[in-house]
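The values are calculated or read from the model by the stated rules, or taken from the named source; none is laboratory data. As the structure is a computational prediction, the values presented were derived from the model and not from experiment. Because the Cβ atoms are built from the backbone with ideal geometry, glycine has one as well, and the counts that use them run over all protein chains shown.
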Number of protein chains: 2
Amino acid sequence: MSKKIQIVEVGPRDGLQNEKKVLDHNAKIELIKKLAETGLKRIEIGAFVSPTWVPQMSGSIELVRDILKLQSQGAIARNIQLSCLVPNARGMEDALKSGITEVAIFGACSETFSKKNINCSIAESFIRFRQVMEMAKYHKIKVRGYLSTAFGCPYEGKVAETRVVRLVRAMIKMGAYEVSVGDTIGVATPKQVNSLLKKVLHVAKPGQIAMHYHDTRGTSLANVCASLEFGVRTFDSSIGGLGGCPYAKGATGNLATEDLVYLLKGMGYDVPIDLEKLIQIKKWTEEKLGRELPSRVGKAGAWNIE
Amino acid sequence: MSKKIQIVEVGPRDGLQNEKKVLDHNAKIELIKKLAETGLKRIEIGAFVSPTWVPQMSGSIELVRDILKLQSQGAIARNIQLSCLVPNARGMEDALKSGITEVAIFGACSETFSKKNINCSIAESFIRFRQVMEMAKYHKIKVRGYLSTAFGCPYEGKVAETRVVRLVRAMIKMGAYEVSVGDTIGVATPKQVNSLLKKVLHVAKPGQIAMHYHDTRGTSLANVCASLEFGVRTFDSSIGGLGGCPYAKGATGNLATEDLVYLLKGMGYDVPIDLEKLIQIKKWTEEKLGRELPSRVGKAGAWNIE
């Protein structure tokens, strides 16, 4: 199996979206530029959602335009794939205006979470996704799918694996080139990962699946290891462990990019990302946000195990 | 392979020893009593070391006597194995006075760490261990061995696996019923665990090995999972993640007992330990120490994944 890993840095979107403090336009630009200098090849930089609901993501059109300009000038490497979250046709119109070449749709595996998080049922959300998908296809824009609460829901408890499998298949059938399967509230252990991936990989190839773990209960790197066994090679993470799920009490954030990179390098995977630079960005982000971020490697420092 | 797990709670010794704030006699008694009520069956409660060097461990004779009295009265379950660290013959004399029925010797796999941590070479430490062992055998006291810095040393870097294997063999040959192999500075990933355990299990049975991980870089639960694959079923942890290595900059503590128990329960292992009680003890300990402890489950709360 391949040793090549893809990391999708979700800090500027999934991370910042869940932070109390809103970073201004220039700070976001600086953060994305810094991340782009570490060797990361995929970065989610914004969301075309209502600024009333998610003030942290307001100004995403301007942000994307400025970032794409920097990329066209070579100030951000041209081989970095940037993307934005798009909840519906309205958001997709903004995405088209911005010039972004990849968008992500965001669904849930739990009905209650879907209603509380995106204000519609799962079935309704897929009608919206279909609209987004048609517009994206027409404009030759890549679409990534997210499925949150794939292991547990803060309202409903355990989530049925069959539903996750059905939704993964639906997203792929619809045209998503990859589905990011998320343990939104950080409850899975490798046993659940094994059980779910075994079933998911009946309807998708390992290359179509990304895993998105939260380190809420310290299990995320163990879950990454379990996923690697299945040939999954794409993982979402956020710098410093930025973010977290606002609907989960006491939840720490996403798996930190530094921790993920440390693990994968230590295990001999091909991860050409500068860990020291990541640690510096984590510190910079802490200063900007005025709070300590939960990443472990960011605190302890790197160490050359190999 | 068996689903039965043994957890060695090292918070009252390894944990408190590395805390700035010293808990008084009564607080230690209370902590140990609380831990004994969770279902934990092995607890390391003190160390017979010089109070000049380790003030946190002073009064261990009185502590052990009071705890054993409570145990003889049934206020602490009689089937709980209590133990203390013993560095040399002088400490072993104290152990004998205290009435403890299990002791632990503590060595390192790195020469520099041995000198800085226990003030002698590895060879010299083994001469001391032999004296302790002879006294212990005569008095029918069980001896557990610790080998610290088995994956990395803060002074020497990577540690040779052959040395770890040689020292594990030496401790077992000497009479240790179990050797706890420690990633003292928390640098290992499952790749290193796999590589080392494969070799260690040429000289020891899985039942003779305990793994002692630190969550310094977030990898400890992944390393626990890797160890389980080899049949290792005994793990050290400390309540709340108490402690940490004072010689490792920015190091967070031992693997937290709550995090370990959450993982193992989630994976279907036989761990009859009350997670909610552990979380309450973590909070109590934080109040006593006046600092937040790093455990993840202690912060986020348990969740019934199965």
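Below are the figures for this structure:
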item: Subset of the range A:1-55 (residues that are small (Gly, Ala, Ser), more than 16 Å from the chain's Cα centre (by Cα) and within 27 Å of A:LYS265 (Cβ to Cβ)); result: A:SER2, A:GLY39
item: Test: residue in the range A:199-210 that is within 14 Å of chain B (Cβ to nearest Cβ) and over 22 Å from A:THR285 (Cβ atoms); result: no
item: Filtered residues of the range A:99-117 (kept if part of a helix (DSSP H, G or I) and touching a strand residue (DSSP E or B) at 6+ places or on another chain (Cβ under 7 Å)); result: A:THR112, A:PHE113, A:SER114, A:ASN117
item: Count - residues of the range B:168-211 that are among the hydroxyl-bearing types (Ser, Thr, Tyr) and surrounded by fewer than 24 Cβ atoms within 10 Å (Cβ to Cβ); result: 2
item: Cross-chain or 6+ apart pairs with Cβ under 8 Å, the range B:213-235 first and within 7 Å of another protein chain (Cβ to nearest Cβ) and over 19 Å from A:SER227 (Cα atoms), then of a type in the set (S, T, N, Q) and assigned to a strand (DSSP E or B); result: B:ASP215/B:ASN254
item: Some residue of the range B:284-303 being crowded, with 20+ Cβ neighbours inside 10 Å, acidic (Asp, Glu) and touching a residue at least 24 places away in the same chain (Cβ under 8 Å); result: no
item: Unmet criterion (only one of (1) without any contact (Cβ under 8 Å) to a residue 60 or more places away in the chain; (2) not basic (Lys, Arg); (3) not in a strand (DSSP E or B)) for A:LEU40; result: (1)
item: Candidate set from the range A:247-306 (those that are among the acidic types (Asp, Glu) and within 19 Å of A:GLY186 (Cβ to Cβ)); member that is nearest to the other protein chains (Cβ to nearest Cβ); result: A:ASP259
item: Options B:ILE141, B:ILE172, B:ILE239; residue that is more than 14 Å from every other protein chain (Cβ to nearest Cβ), farther than 28 Å from A:GLU258 by Cα and in contact with a Ser or Thr (Cβ under 7 Å, 6 or more places away or on another chain); result: B:ILE141
item: Some residue of the range B:87-108 being surrounded by fewer than 20 Cβ atoms within 10 Å (Cβ to Cβ) and in contact with a Pro (Cβ under 9 Å, 6 or more places away or on another chain); result: no
item: Residue count, the range A:134-167 (criterion: surrounded by fewer than 18 Cβ atoms within 10 Å (Cβ to Cβ) and part of a loop (DSSP other than H, G, I, E, B)); result: 5
item: Pairs with Cβ under 7 Å, 6+ apart, first in the range B:264-278 and assigned to a loop (DSSP other than H, G, I, E, B), second at pLDDT below 95; result: B:GLY268/B:GLU306
item: Matching residues, the range A:37-55, being surrounded by 16 or more Cβ atoms within 10 Å (Cβ to Cβ) and at pLDDT below 90; result: A:VAL54
item: Leading residue by the ranking (farthest from the other protein chains (Cβ to nearest Cβ)) among those in the range A:175-196 that are in contact (Cβ under 8 Å) with a residue 60 or more places away in the chain and under 24 Å from A:HIS139 (Cβ atoms); result: A:ALA176
item: In the range A:67-86, the residues that are surrounded by 17 or more Cβ atoms within 10 Å (Cβ to Cβ) and not polar (S, T, N, Q); result: A:ILE67, A:LEU68, A:ILE76, A:ILE80, A:LEU82, A:CYS84, A:LEU85, A:VAL86
item: Subset of the range B:266-283 [among the charged types (D, E, K, R) and crowded, with 21+ Cβ neighbours inside 10 Å]; result: B:LYS282
item: Where a residue in the range A:7-18 is without any contact (Cβ under 8 Å) to a residue 60 or more places away in the chain and its partner, wherever it lies, is of a type in the set (Gly, Ala, Ser), with Cβ under 8 Å and at least six apart; result: A:PRO12/A:GLY46
item: Unmet criterion (only one of (1) over 21 Å from A:ILE185 (Cα atoms); (2) within 14 Å of the chain's Cα centre (by Cα)) for A:PRO206; result: (2)
item: Leading residue by the ranking (surrounded by the most Cβ atoms within 10 Å (Cβ to Cβ)) among those in the range A:221-243 that are outside any loop (DSSP other than H, G, I, E, B) and charged (D, E, K, R); result: A:ASP236
item: Where A:LYS116 falls short, out of the listed (1) surrounded by fewer than 23 Cβ atoms within 10 Å (Cβ to Cβ); (2) more than 19 Å from A:LYS41 (Cβ to Cβ); (3) free of Cβ contacts under 8 Å to residues at least 60 places away in the same chain; result: (3)
